[in-house]
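See structure below.
No lab work stands behind these numbers, since they all come straight from the coordinates. Remember, it's a predicted structure, so these values are computed and weren't measured experimentally. In this analysis, Cβ positions are derived from the backbone assuming ideal geometry, glycine residues included, and neighbour counts consider all displayed protein chains.
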Amino acid sequence: MDEEITNATTTHVKHDESALRMQTFNLNAFFGLNRALKDISLDVKKNKVLAIIGPSGCGKSTFLRSLNRMHEEVGGTIKGKILLDGSDIMKKDPVNLRKKVGMVFQKANPFPTMSIAENVVAGLKLNGLRNKSRLNEIAEECLKRAALWDEVKDSLHKPGNSISGGQQQRLCIARTLAVEPEVILMDEPASALDPISTAKIEELIFELKKKYTIVIVTHNMQQASRVSDYTAFFYMGKLIEIDKTSVIFTAPKNKQTEDYVTGRFG
Amino acid sequence: MNNFHYNWRKLKNTAVFTICVIGVILVLIPLFFILYYTLKQGIGAINWDFFIHMPKPVGESGGGMANAIVGTAILIGLGGLMGIPIGIFAGIYLADKPKGIFAFIVRYLTDVLNGIPSIVVGVVAYIIIVIPMKRFSALAGGFALGILMIPLITRTTEEMIRLVPNSFREAGLGLGIPRWKTTLSIILPAAFKGIFTGILLSIARAAGETAPLLFTALGNRFWSVQLDQPIASMTVFIYDYAKAPFNDWNQQAWAASFVLIIFILLLNIIFRIVTRKSYTA
């Protein structure tokens, strides 16, 4: 590793490198001249859930969208280093990167012109997998993993947007699982859902972390404390504090973090 | 006091609503008048012969316009072959790169093209195709119609693609689907209904054009489906027959007008049926 990185690692907690899925070093993200992220350096540990909390406009979504280089699709730019399994993602083709780092969006967005089953395998099909029985198998498997199979197994041919909002969001998760990512980024995946659907998504996240690494942005601090292993607090584009979730919510080291998690601002 | 305000508001509401209804009626009157009058005038000349027979030589009565119906279909087909792909791809470009200076120029010129009188487009086709080929032809007619179809299809494609929520594009990209494939396989199908409407509108416009065909496809009183030969079309048929001094011919011009209107009506019905089956956003 080069010098720049070793310097940056001083802010990282001492750890076993093999347990890391992603790392960022002095990550800066821009919208034009506006600097939305300021020198973010943090680790995403394998098979753990990292929650990112902070008030609106603090850069948490931008951070998430930097991790799969979606930030650049909306005209933003990224400076700094992001590693996935030790290799620099800025040197990779973003299209291939996104197969490894999947994304679930705030609002469920199943493709309206495709059926439920087609939605699940859309990523594979559009990347050239043609074998019908294999696609069907994958669709079933992913719907089961997304805890949706039992609810939709009799209506697989119906339009992807014909099911309820909560089901649609799990469909989107199944669709992400189908391309076999290592990391799943979730941008407030339950913020538009009712409490029961939210609970289902949270249960699902708990199941998924056995196989995947998850980074979730949430506005809901209870949700962060329920689903995550680690929590990062962002404020004004800066990483204020990252630690085990239990520490962030009970004994944060930083005053701003404490004020935020206790509801004094934000 | 309160009651006064309420009544005053209700009065204003009724007044504006009445104006709206009058507006609708004023819009519909000419439409129904045209439909009624063409039907009344044309119905007498419409029979089976009209669709399957050729025009009779001058002086004989009867005959039909089979060649003109087929000719119009061929001309629209040629125009569509040229106008639809160019229009759709240009529309995709404009929707995908909305901000560049090149996009601005393309968009501006498309609007200008949309406003150019169709007879000018006919002259252009005459210069580009008829003069080098040294003869009038179906190809030249199709070319002229194609140019006329482009701006409408381009702008509807652009607008319709922009109406597709960006979240679908992001979902596609997020799955590791390349940008071009996301546009073609996800965005375009979601915008299909609107784009299809644009295509139908442009076909309806092309089907009704006479001026650009006068000195490109020219018209033909005989059966011809050869693309490098002059070809008959319904609008030119109407033009010729309507100004002819024979009552019989004038009747047939009315009939052709009626058929043309019905054809466009059918296009709309087909469109409704086709799009009803597809999923909507």
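Note on A:Ser133, B:Ser61, A:Ser115: ascending count of other Cβ atoms within 10 Å places them as A:Ser133, B:Ser61, A:Ser115, the fewest first. Computing Rg and the Kirkwood Rh from the Cα coordinates of chain A gives a ratio, Rg/Rh, of 0.97. Counting other Cβ atoms within 10 Å as a rough exposure proxy, the listed residues B:Met82, B:Met234, B:Met160 run B:Met82, B:Met160, B:Met234 from fewest neighbours to most.
Find the relative contact order for segment B:16-114 and round it to a whole percent, using C-alpha pairs within less than 8 Å whose residues are 6+ positions apart. Value for segment B:16-114: 11 percent. Counting Lys +1, Arg +1, Asp -1, Glu -1, what net charge surrounds A:Asp229 among other residues with beta carbon under 10 Å of its beta carbon? Local net charge: +4. Structural descriptor for chain B: relative contact order 26 percent, calculated from alpha carbon pairs under 8 angstrom and at least 6 residues apart. Placing a label point 7 Å from the Cα of B:Val112 along the Cα-to-Cβ line, the residues of segment B:122-158 whose backbone N sits under 18 Å from it are B:122-125, B:147-152, B:154-155. If you take every residue apart from A:Phe31 with its C-beta less than 12 Å away from the C-beta of A:Phe31, what net charge results, scoring Lys and Arg +1 and Asp and Glu -1? Taking every Cβ under 12 Å from that of A:Phe31, the sum is +1.
Fully extended, how many nm does the chain gain between A:Phe31 and A:Ser162 (0.36 nm per residue separation, minus their Cα-Cα distance)? Can you show the working numbers first?
Values: separation 131, 0.36 × 131 = 47.16 nm, distance 3.59 nm.
Using 0.36 nm per residue and subtracting the Cα-Cα distance, I get 43.6 nm.
Using the Cβ-Cβ distance between B:Arg205 and B:Asn3 with R0 = 35 Å, the FRET efficiency computed as 1/(1 + (r/R0)^6) comes to roughly 0.05. Reported to the nearest whole Å, the Cα centre-to-centre distance from segment B:189-237 to segment A:216-266 is 66. Given in Å, the Rg to one decimal and the Dmax to the nearest whole number for the Cα atoms of segment B:50-277 are 20.1, 71.
Measuring r between the beta carbons of A:Met90 and A:Asn254 and using R0 = 22 Å, the FRET efficiency lands at 0.15. Relative to one another, the C-alpha centroids of segment A:143-180 and segment A:53-123 are positioned 20 Å apart. Considering only B:Phe51, A:Ile78, B:Ser61, the residue lying farthest towards the positive end of the dipole of the protein assembly as shown is A:Ile78, judged by Cα position with unit charges set on Cβ.
Using a cut-off of 19 Å between Cα atoms, the listed pairs A:Lys153/A:Lys211; A:Lys46/A:Lys210; A:Lys79/A:Lys211 include A:Lys153/A:Lys211; A:Lys79/A:Lys211 as exceeding that distance.
Taking the Cα centre of chain B as origin, work out the dipole magnitude from +1 charges on Lys and Arg Cβ and -1 charges on Asp and Glu Cβ, in debye rounded to 20.
Numbers: 22 positive and 11 negative charges, 199 e Å.
The dipole of chain B has a size of about 960 debye.
What residue among B:Val124, B:Val21, B:Val106 has the largest mean-square fluctuation in a Gaussian network model of chain B, using Cα springs under 10 Å? So, out of B:Val124, B:Val21, B:Val106, the one fluctuating most is B:Val21.
Quick one: plug the Kirkwood hydrodynamic radius of segment B:2-45 (C-alpha pairs) into Stokes-Einstein at 25 °C, 0.890 mPa s, and report D in µm²/s. Intermediate values should be presented prior to the final figure.
Details: Rh = 13.1 Å.
It comes out at roughly 187 µm²/s.
How far, in nm, would the chain grow between A:Lys107 and A:Val247 when pulled straight, counting 0.36 nm per residue and subtracting the alpha carbon separation? Mind showing how you got there, number by number?
Values: separation 140, 0.36 × 140 = 50.40 nm, distance 3.03 nm.
That pair, A:Lys107 and A:Val247, stretches by 47.4 nm at full extension.
Using a Förster distance of 45 angstrom, determine the FRET efficiency expected from the C-beta separation of B:Gln229 and B:Ile105, and round it to 0.05. Intermediate results must be reported in sequence, preceding the final value.
Numbers: r = 38 Å, r/R0 = 0.84.
It comes out at approximately 0.75.
What percentage of all Cα-Cα pairs in segment A:84-178 are separated by more than 24 Å? Please report the intermediate quantities before stating the final value.
Details: 1007 of 4465 pairs.
Result for the distance tail: 23 percent.
In the protein assembly as shown, how does Rg compare with the Kirkwood Rh, expressed as the Rg/Rh ratio over alpha carbon atoms? Kindly include the intermediate steps, with their values, before the conclusion.
Details: Rg = 31.7 Å, Rh = 28.1 Å.
Computed over Cα atoms, the ratio is 1.13.
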